[in-house]
1. How are the alpha carbon pair distances in the range 1-121 distributed across 5 Å bins from zero to the largest one, expressed in percent?
2. Return, for the Cα atoms of the chain, the radius of gyration and Dmax in Å, separated by a comma.
3. Can you say what percent of the DSSP beta bridges in the chain, counting only those with both residues inside, are antiparallel? Round to 5.
4. Which of 140, 93, 278 sits closest to the plus end of the dipole of the chain, meaning its Cα is farthest towards the positive end, when Lys and Arg get +1 and Asp and Glu get -1 on the C-beta?
5. State the percentage of accessible surface on the chain attributable to carbon and sulfur atoms; use a 1.4 Å probe and exclude ligands, DNA and RNA.
6. Tell me the per residue accessible area of the chain using a 1.4 Å probe; a whole number in Å² is fine.
7. How do the peptides 90-99, 329-338, 157-166 rank, highest first, by the average count of neighbouring beta carbon atoms within 10 Å per residue?
8. Summing Lys, Arg as +1 and Asp, Glu as -1, what charge do residues with Cβ under 14 Å from the Cβ of residue 366 carry, residue 366 excluded?
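The values are calculated or read from the model by the stated rules, or taken from the named source; none is laboratory data. Please read these numbers as outputs of a predicted model, since none were measured by experiment. Note that each Cβ is placed from the backbone with ideal geometry, even for glycine, and that neighbours are counted across all protein chains shown. We work out accessible area using only protein heavy atoms, side chains counted, and drop any ligands, DNA or RNA first. Shrake-Rupley method; radii C 1.70, N 1.55, O 1.52, S 1.80 Å.
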Amino acid sequence: MPYGSRLAATMARRLGRECVYTPSARLALYLALRRWCRPGGRVLMSPVNDDVILFVVLAAGLRPVLAPVSVWDGNIDPAAVPESTWRGVDAVLTTNLYGMPDRVVELRLRCEELGIPLIEDAAHAIGTHVDGQPIGSFGTAAAFSLSKHVAAMAGGFLAVEDARTRRELELLRDDLLVPGRLAGDLATALRPLARSAVRTLHLVRPAWRTMQRLGLLERDDFRMALHAPRLAVSALQAPSLTAYEPWIRVDLHDFRTRHGTLVRGQLKLRMALLDENLTRRRAGVSVLSGTAWASPALRDRAARGGPLPLFRVPLLVHDRDALVRRLVRHGVVAGYIYDPPLDDYAGAEFVEPSPDPSSARWFASHVLPADPLQARTLTAALTKERTKTAHPPAPTAAVPDATPPAPLGQ
């Protein structure tokens, strides 16, 4: 029986597609990129994305092409992508940032016209639907994560269209897995329990401060250090997961480890609680979408189809960075902030910059990703901090773009 086949079958029933189990969504995404993209290909993607995803794309031997995005949700704006860019890309990678869906209908139509694959990063979007169809069922393939909605801190899936492709990908996955150990399985199984205990006992602030003082956080800022000279050397070995492992493994060192029955058993139990988790998230999104800080895109979605079961809720606030530091005093640690955009972070050596970076820069610097499961606590904290709502500047005549900052780590 293929590794993780029971978990994969559970996900397949939810999604209506064949699924391959993987230890992480990042490994699932790597599998998809290797299967459908030739080395040297160009992949259109949003610059408001996790830096780990950038390194997964680079590890697959591909060139990230960064797209203009919506100022309201950070996802690709298909209408703003120049025709010359469309004609020069070999695949499109969605983000579904925080669970807010990409314009997947438009993107799928465009990919079909061009004869290129649409690959969905659905790590934030389990339970999100567009026109009654689940995210993850629009593209050629879709990568999912269990470390997000069910807080498992391990496990992922790659959803594909047919059983033959699934079997091919299972063989490729098995070649990339590294052996697990009992000690590692125990640590992986205990991590979610430890995090839950920290929240239950109201120890978020002291735990976070202690990790900072002990140097246990792998990112000094919202982005990890780029280490550009070392990254350039790794590019000579691409496609290679091993060459890029120092970047891809950040915050999840066992992303390609073959987990044993202990971890997979825990994941099965957590998946059984997924619908309950999604219901709680919708309730929290309903609270946050009614606040002055909610993105208009969020309010519009809630008005048209009810609240989405978001992983994080995009709130738009003034002086976001200072606010993040103050929120720790209220027991709220804000994560999943993707600032600066990837073109400013990595530079033209490693990515093709967006032709219009202004929306991505504004959104990335003002969005506060709010956990809907903490909706009441966060709303009270933002009110106490007298948080002001941020509004994007009105469109103006085109002006020469400012020189982006040097990549981090140089």
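1. With a bin width of 5 Å, the distribution comes to 2, 11, 20, 22, 20, 14, 7, 2, 1, 0.
2. Computed over the Cα atoms of the chain, radius of gyration and Dmax are 20.2, 61 Å.
3. Details: 19 of 32 bridges.
So the antiparallel bridges amount to about 60 percent of the total.
4. Of the candidates, 278 comes out farthest on the positive side.
5. Values: 9720 of 17880 Å².
Here carbon and sulfur together make up 54 percent of the probe-accessible area.
6. Numbers: 17880 Å² over 410 residues.
Value for the chain: 44 Å² per residue.
7. Values: 90-99: 26.8, 329-338: 17.6, 157-166: 19.2.
Top to bottom by mean Cβ count within 10 Å: 90-99, 157-166, 329-338.
8. On the way: positive: 320, 361, 388; negative: 73, 319, 321, 339.
Around residue 366, the charge tally is -1.
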